[in-house]
Each structure stands twice: as C-alpha cells, then as structure tokens.
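Asker: Dumping the structure here so I can ask a few things about it.
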Amino acid sequence: MFDPFIAPSGTLLGLLQRGRGDGTLHALAAPRSEALAALHHCVLSDPRHDWQVENRSLYYARLYLDLDGGVEEIERHLSDPEDHLDTDDSRTGLALSVLGHLAAYGRGDALAVLRRYAATGSNWAWALDELALRDDDAGLRSLAEPVLARFADDAEGRAELAATVRDAYEPRPWRLWGEDPRETVGARVRAASEQGSFDRWQRQMRPGGPRPGWSVQAVFDWARQGLERGSLLHVPAARCLAAVAGPEDRPEIVEAARSGEDAARCAALHYLAAEVRDPAVLDLIEAAATEPRGTVADAAVTAFERMCGEDAVERARRWARRPDALGASAAGVLAGRGGPQDAPAVLGALRDAVRGDGPDAPRLWPLVDGAGRLGIACAAPVLRHIYRETSSSQLRGRTARALAVTDPSFATGFAVECLWDCEETTREIAALHAETGDLRVAERLRRLAADPAEEAEVQSAVRSRIGPDAPAV
C-alpha cells in the first residue's frame with residue numbers, strides 16, 4: 001500500500017484524515033455537501049499509515065450520523081469492478097468497518113450493504129466479521145450458501161474451507177452454519193471445522209525451532225537459517241540461548257557478538273543485553289552500531305533499548321549526543337528511564353527530531369512520552385506543533401497525554417477537541433481534563449456516557465466527571 005496523501009492540517013479534509021476532534025466540529029459547521037464530500041474521501045481512501053493500530057471507523061460513523069449521510073457512495077465503492085482486481089484489505093476495510101458501526105447504531109441501510117457485500121465482494125470475510133457482531137441469526141443463516149459457494153467441493157476447496165473456518169476472527173456465523181440440517185451447509189462446515197482442529201493438532205505435534213539439548217552453535221545455525229529465508233529470528237534465538245547456554249559458553253557468545261556471522265552476532269547481542277545483562281555488551285553494541293550492514297546495526301540498537309539498569313542509562317547519557325541511530329535510541333532511553341537531569345537532552349532530541357524528520361518521525365514517540373514523564377514545561381510549544389501536524393492519531397494521543405502535564409492551557413484548549421478524537425485513549429484523556437465550564441464539554445460528556453458504542457475506559461473517565469460524587473457538569 002502506498003502512503004496516503006494527507007491534506008494540510010488547517011483544511012477540513014486534513015483534519016478529518018487525521019481523525020482530530022476539530023475535524024468533526026468543523027464538519028458540523030461547514031456546508032453539509034462539503035462536509036460529506038470530505039467524509040466520503042476519507043472513508044473510501046483510507047488515510048491511515050497503519051490501519052492495524054489507528055482508529056477511524058467509529059469516528060467516521062458518528063460523523064455520518066451527525067450529518068445524516070447516506071451509504072450510497074460506500075456501496076458504489078464496494079461494488080466497483082476494481083473490488084475484484086485490488087483485493088487488499090486497505091481498499092475496503094475501513095468502509096466495511098464504518099458500515100459495521102452504522103449497523104450497530106440501527107442503520108438498516110448499512111446492514112443491507114454489508115449483507116450484499118458478504119455474498120458477492122472480494123473482502124467478504126471482513127464483512128462477515130462485521131455482521132457476526134451486529135446481525136441476527138436469520139440474517140447470518142441467509143449468507144451460508146453464497147459464502148460456501150466460494151469453495152469448490154474438491155480436495156483443494158475443502159482444504160481452503162477448513163483453513164478459513166479455523167482462522168475465522170469471529171466464529172459465530174460458522175457455528176450457526178454448522179447447526180444447519182442441510183447436507184450442503186451443515187455437513188460441509190462441520191467437516192471443515194473438524195479438519196481445522198486436526199490441522200492445528202498436527203502443527204502442535206510437529207513444533208519447529210530449537211529443542212532441549214541444542215547447543216549454542218545449533219541456536220546460531222537456526223538463526224542463520226531464518227535470516228537466509230528473510231526471517232529475523234535473533235530475538236527468539238536469544239531466548240533460546242538463555243535456555244541452553246551455561247557460564248562455560250560465555251566466551252563463545254561474546255566472540256559471536258564481536259565478530260560472528262550476522263545472525264549469530266544479532267542473537268548474541270540480544271542475549272547479552274536482555275537475558276544475562278552482561279556488562280561487556282555495551283562496548284559490543286557501540287562497535288556493532290557502526291557496522292555498514294544494516295541488520296547488525298539495527299539489532300545492536302534494538303538490543304540496547306531492551307537493556308535495564310543504571311549502566312544502560314549512564315551509557316545513554318554519553319551516547320545521546322551521537323548523530324546516528326544509536327544516539328536517537330539513547331535519547332529515547334533517557335526519555336523513558338532518565339531522571340530530571342536528563343530533561344535538557346530529551347528536549348533537545350525532541351526539537352531535533354521535529355526539525356530534521358518532521359512531525360511523523362518514529363523516534364518522536366518515546367521522546368513525546370518522555371517530555372510528559374519528566375514534566376518538561378518548555379516542551380509544550382513543540383508538543384502543540386506535533387499535535388496539530390502529525391498524521392498519526394496514535395502519536396497525537398500520546399502528545400495529548402504529554403500536554404496534559406506540560407501545558408497549563410490544555411484543559412481549555414486541545415482537551416476540548418479531544419473529546420471528539422478518533423482514538424479512545426485520547427477521548428479518555430480529554431474526559432479527565434477538559435474544562436467543564438465550556439458548554440460543549442458538558443454536552444459531549446453526557447453524550448459519551450450514553451453512547452453504547454463508546455469504550456468502557458472512556459465512560460469510566462466520563463463518570464468520574466459527571467457521577468454523583470463529581471462536581472456538577
């Protein structure tokens with residue numbers, strides 16, 4: 001999937017793509033046709049960089065309800081011939097999730113579109129999962145035949161069906177279909193379920209990877225074989241070393257960390273750093289971090305981040321000034337485990353990361369957390385910039401948490417819009433901090449408390465503000 005184009009943060013489209021609370025507030029104030037056009041653009045062209053961790057579906061579904069928007073555009077997108085050419089989840093997943101939330105809110109048109117797509121669409125499994133949570137038994141039973149018709153009644157088709165039943169995210173439809181008295185439905189699903197259970201049992205009886213009695217060299221060989229296949233196994237290999245290595249093996253492991261093959265070197269570094277916390281590993285990490293081979297250098301940095309103890313923090317204070325990946329990692333270590341004396345280094349690294357790599361830089365995450373943990377008040381201006389500009393709703397939520405500690409204006413500023421944010425953790429922060437003197441806050445807290453789709457953690461935070469023991473809202 002290509003990185004999506006994200007509009008400027010000051011535009012309605014840019015706000016909605018980011019999932020900011022201000023997006024909803026601006027959309028409700030804009031002409032309805034303009035707001036719906038921007039909303040359709042977001043739902044039909046997923047703006048998230050990582051759809052597996054960023055939330056948008058409930059946010060967009062609520063806006064559809066507020067704007068009284070129809071689902072015709074979504075249906076046209078799902079029924080487009082492109083659906084059978086581009087079968088990647090990223091093309092239809094967000095639209096299907098939005099339909100699922102709308103169905104949960106009682107929108108029958110959304111439920112009907114989901115049913116039709118489950119019967120005919122390429123991403124039918126996702127639609128079926130949405131229906132499993134929202135549809136009644138009769139609606140799900142009506143889909144048994146069109147779904148099973150996708151699987152040929154031959155050896156290959158039966159194997160594919162068994163794998164589908166075994167790996168189903170929501171098993172409810174398959175359980176219903178397994179109870180069907182028809183031979184072409186119930187018998188097929190029961191046989192597939194039994195085959196899937198047998199396949200799982202066979203895999204458990206034939207485990208791969210290290211076994212008791214392996215030597216240190218055997219673990220290194222296993223890691224090397226994984227690297228040759230394109231799999232990075234040095235972290236599990238380090239755990240295996242912890243099980244098979246004894247004190248007499250330390251010289252061999254240290255030598256592997258210093259000059260071994262790439263896979264052995266990576267595994268040894270992780271073992272020495274995280275499993276036994278060998279004091280020699282810091283010098284070995286420093287040497288490995290300058291390797292031109294990216295695998296070894298990356299493993300060295302990752303191994304350092306897994307280290308505990310004051311020795312690692314002391315070394316981080318020395319490395320934080322480095323202009324390379326190890327220096328960035330050291331700044332992150334100080335952000336997470338340093339003391340008040342490390343605030344200037346964390347603030348400097350935060351500013352450098354924004355100036356050098358922009359508001360979406362991966363190294364910002366620990367630094368933003370560190371600014372909040374250390375209570376760096378003078379970090380508020382750069383945190384506000386990150387909050388406004390980042391396209392990552394996860395990073396924005398962490399920034400909001402840091403602003404709650406560092407920015408005295410947070411309660412009357414960003415906390416208010418965060419009540420409409422796409423991330424439940426951000427709404428939870430807002431529910432705890434937003435100034436209730438604002439009439440919008442009082443009304444929004446009441447609405448969140450009554451919304452059955454809202455997360456329990458958010459509603460607990462809301463109740464702490466409007467419950468019987470809380471100040472009046």
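The values are calculated or read from the model by the stated rules, or taken from the named source; none is laboratory data. Keep in mind that this is a model prediction, so the values were computed, not measured. Methodologically, a virtual Cβ is constructed for each residue, glycine included, from the backbone with ideal geometry; neighbour enumeration extends over all protein chains shown. Just so you know, the surface numbers come from the protein's heavy atoms only, side chains and all, with ligands and any DNA or RNA stripped out. Shrake-Rupley method; radii C 1.70, N 1.55, O 1.52, S 1.80 Å.
Asker: Is there a residue being modelled with pLDDT of 90 or more, assigned to a helix (DSSP H, G or I) and open to solvent by 20 Å² or more (accessible area, probe 1.4 Å) anywhere in the stretch 148-158?
Answerer: Checked the stretch 148-158: at least one residue is modelled with pLDDT of 90 or more, assigned to a helix (DSSP H, G or I) and open to solvent by 20 Å² or more (accessible area, probe 1.4 Å).
Asker: Further question on the same structure: How many of the residues making up the stretch 46-92 are among the hydroxyl-bearing types (Ser, Thr, Tyr) and open to solvent by 60 Å² or more (accessible area, probe 1.4 Å)?
Answerer: 2
Asker: Let me confirm something: among Pro247, Pro210, which residue is modelled with pLDDT under 90, more than 20 Å from Cys308 (Cβ to Cβ) and in contact with a helix residue (DSSP H, G or I) (Cβ under 7 Å, 6 or more places away or on another chain)?
Answerer: Pro210
Asker: Something else about it: Among the listed residues Pro359, Pro366, Pro381, which satisfies the condition of being of a type outside the set (S, T, N, Q) and surrounded by fewer than 20 Cβ atoms within 10 Å (Cβ to Cβ)?
Answerer: Working: Pro359 fails: surrounded by fewer than 20 Cβ atoms within 10 Å (Cβ to Cβ); Pro366 fails: surrounded by fewer than 20 Cβ atoms within 10 Å (Cβ to Cβ).
Going through Pro359, Pro366, Pro381 in turn, just one is of a type outside the set (S, T, N, Q) and surrounded by fewer than 20 Cβ atoms within 10 Å (Cβ to Cβ): Pro381.
Asker: Continuing with the same structure: Assuming Leu364 fulfils every condition listed in (1) over 22 Å from the mean Cα position of the chain (by Cα); (2) at pLDDT 95 or above apart from one, which condition is it?
Answerer: (1)
Asker: Looking only at the stretch 429-459, which residues are part of a loop (DSSP other than H, G, I, E, B) and either loosely packed, with under 15 Cβ neighbours inside 10 Å or among the hydrophobic types (A, V, I, L, M, F, W, C) (or both)? Steps first, answer last, please.
Answerer: Taking the stretch 429-459 and keeping what is part of a loop (DSSP other than H, G, I, E, B), we get 434-438, 451-455.
Ala434, Glu435, Gly437, Pro452, Ala453, listed by residue number.
Asker: Of a type outside the set (Phe, Trp, Tyr), part of a helix (DSSP H, G or I), more than 25 Å from Glu455 (Cα to Cα) and modelled with pLDDT of 95 or more: is that true of Arg76 in this structure? Lay out the reasoning, then the answer.
Answerer: On the way: of a type outside the set (Phe, Trp, Tyr): yes; part of a helix (DSSP H, G or I): yes; more than 25 Å from Glu455 (Cα to Cα): yes; modelled with pLDDT of 95 or more: yes.
Yes.
Asker: Among the residues of the stretch 418-428, write down those that are in a helix (DSSP H, G or I) and open to solvent by 10 Å² or more (accessible area, probe 1.4 Å). Spell out how you get there, then give the answer.
Answerer: Initially, the stretch 418-428 is screened for residues in a helix (DSSP H, G or I), giving 418, 424-428.
The answer is Glu424, Thr425, Glu428.
Asker: Output the number of residues of the stretch 1-21 satisfying the condition of being open to solvent by less than 80 Å² (accessible area, probe 1.4 Å) and within 24 Å of Gly93 (Cα to Cα).
Answerer: Of the residues in the stretch 1-21, 13 are open to solvent by less than 80 Å² (accessible area, probe 1.4 Å) and within 24 Å of Gly93 (Cα to Cα).
Asker: Report, by residue number, each residue of the stretch 275-285 that is outside any loop (DSSP other than H, G, I, E, B) and either out of contact with any helix residue (DSSP H, G or I) (no Cβ under 7 Å at 6 or more places or on another chain) or in contact (Cβ under 8 Å) with a residue 60 or more places away in the chain (or both). Explain how you work it out, then say what you get.
Answerer: At the first step, the residues of the stretch 275-285 found to be outside any loop (DSSP other than H, G, I, E, B) are 275, 281-285.
Correct list: Asp283 only.
Asker: Taking interchain pairs and intrachain pairs at least six residues apart, which have beta carbon atoms under 8 angstrom, with the first residue in the stretch 109-126 and open to solvent by 30 Å² or more (accessible area, probe 1.4 Å) and the second among the basic types (Lys, Arg) and not in a helix (DSSP H, G or I)?
Answerer: Close Cβ pairs (under 8 Å, with a partner that is among the basic types (Lys, Arg) and not in a helix (DSSP H, G or I)) amount to Trp124/Arg150.
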